[in-house]
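Colleague: Right, I'll just put the structure down here and ask away after.
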Amino acid sequence: MESENQTGTIEFLLLGLSEDPELQPVLLGLFLSIYLVTVIGNLLIILAVSSDTHLHTPMYFFLSNLSFTDISFFSTTVPKMLVNIQRQSKTISYTGCLPQVCFVLVFAGVENSLLAAMVYDNYVAICHSLRYSVIMNPRLCVLLIELSLTISVVYGLLHSLMVLRLSFCTDLEVPHFFCELDQVIKLSCSATLINNILFYLVSSIVGGVPLLGIIYPYNKIVSSILRMSSAGGRHKAFSTCGSHLSVVSLFYGTGFGVYIGSAVTDSFTNTAAASVMYTVVPPMLNPFIYSLRNRDMKEALRKLIINHLFFSNCVICFGLGLLVKFKVQGHWASHISYAMVIEWHKGEGCSILVLKPHLGLL
């Protein structure tokens, strides 16, 4: 293979999920829908937590940061794939691939640490409930976020700088829809022993320490719950940990599945499909897991949607030639219209401009 030392001219080829041209529009529509659902779902979680004072607690503070991390992690990989599908191109430049490698590592590390911090919060709430407000003070919560972010940034920059020392050949096919560090290292023409040692050593530490920080507290939590005499108390404790345990299982289960799958198969399609499971599925499902199983979150989302995202005094049916009903100054009105502009003033009803002005009070 011919060596290429001019990094500015290097281009990687992201093989993606399928090379079938007929599947590309389907993949574009599917992943665009998933991207919108993921961003909107996690953004709603952030807005609900910030707007409801009842959710200004350590658990929801970590949850809102987890949602922000999921949006960032998802936005690092999927938009580039959508652009490539739309342009019918699979290339990504060296200068585009290296930052993607770095940000994927940073946000994966932050998510690891946040999941461990949320387990610690549950552990203190269940096993040391009387001292919860003293232990989980705002200063500690901010410190945990800053620590996780610092470690993750160092982790991402370390591997990215180590990739800079590598030279690459002309055959640069990445069997993923994004630049994954392990696959990029395999494409190098130079010696990669140091890179591989650092990759597995540092990744084991950055991923293993939070995992131990999840397993040990959960062991204590389960022991504490089983010693409870009240069935209601046990149910409340299990419901507190249920959502988080589902997210942890989803994140680590799909992550381990990727590396086990890549070790036992050489098919790039299977490898890429496995990578989708841990980069796409967890960020998309996390908002549903936390909102559907959490009464406080559902109530906060309901208030957010009613008070800020929809018109509390208007009932509107949009559509070409559909009957539009709305309330104006205490009266119901209807009109068949093709388009309209609505200006809403909270507490003052609706001020409506209809492009085909014909208004009949019912």
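Colleague: For the stretch 6-158, treating each Cα as an identical point scatterer without solvent, what Debye log10 I(q)/I(0) comes out at q = 0.10, 0.13 1/Å?
Modeller: -0.49, -0.74
Colleague: Could you rank CYS189, CYS141 by how accessible they are, 1.4 Å probe, largest area first?
Modeller: Heavy-atom accessible area, descending, gives CYS189, CYS141.
Colleague: Under 1.5 on a/c is rounded, so check that first for the stretch 7-78, then, if it is not, pick prolate when a/b is larger than b/c and oblate when it is not; a ≥ b ≥ c are the square roots of the alpha carbon gyration tensor eigenvalues.
Modeller: Taking the square roots of the gyration eigenvalues as a ≥ b ≥ c, the stretch 7-78 is oblate.
Colleague: Give me the net charge of SER148's neighbourhood, meaning all other residues with Cβ under 14 Å from the Cβ of SER148; Lys, Arg count +1, Asp, Glu -1.
Modeller: -3
Colleague: Quick one: accessible surface of PHE256, probe radius 1.4 Å, all protein chains present, in square angstrom to the nearest 10.
Modeller: For PHE256, the solvent-accessible surface is approximately 110 Å².
Colleague: Okay, moving on. Could you report the stretch 1-151's accessible area per residue, 1.4 Å probe, as an integer in Å²?
Modeller: It amounts to 50 Å² per residue over the stretch 1-151.
Colleague: What is the extension gain from ARG87 to SER239, computed as 0.36 nm multiplied by their sequence separation minus the C-alpha to C-alpha distance, in nm to one decimal?
Modeller: Extending this stretch completely gives an extra 50.1 nm.
Colleague: Which percent of the accessible area of the stretch 89-189 is formed by carbon and sulfur heavy atoms (probe 1.4 angstrom)?
Modeller: Its accessible area is 67 percent carbon and sulfur atoms.
Colleague: Right, next: Distance check, please: which entries in LYS90/LYS186; LYS186/LYS220; LYS80/LYS186 exceed 30 angstrom between their Cα atoms?
Modeller: Table pairs above 30 Å Cα-Cα are LYS186/LYS220.
Colleague: Tell me the net charge near LEU105. Cut-off is 12 Å between Cβ atoms, LEU105 excluded, with +1 for each Lys or Arg and -1 for each Asp or Glu.
Modeller: Around LEU105, the charge tally is -3.
Colleague: Okay, moving on. What distance in nm separates the two pseudo spin-label positions at LEU36 and ARG139, each 7 Å out from Cα along the beta-carbon direction?
Modeller: With each label point 7 Å from Cα toward Cβ, the separation is 4.7 nm.
Colleague: In square angstrom, rounded to the nearest 10, how much accessible surface does LYS220 have for a 1.4 Å probe?
Modeller: For LYS220, solvent-accessible area is about 80 Å².
Colleague: Sticking with this structure for a sec: Between the alpha-carbon centers of the stretch 61-94 and the stretch 112-157, tell me the distance in whole angstrom.
Modeller: If we compute the Cα centre of each part, the gap is 26 Å.
The values are calculated or read from the model by the stated rules, or taken from the named source; none is laboratory data. These numbers come from a predicted model, not from an experiment. Note that each Cβ is placed from the backbone with ideal geometry, even for glycine, and that neighbours are counted across all protein chains shown. All accessible areas refer to the heavy atoms of the entire protein, side chains included, with ligands and DNA or RNA removed. Shrake-Rupley method; radii C 1.70, N 1.55, O 1.52, S 1.80 Å.
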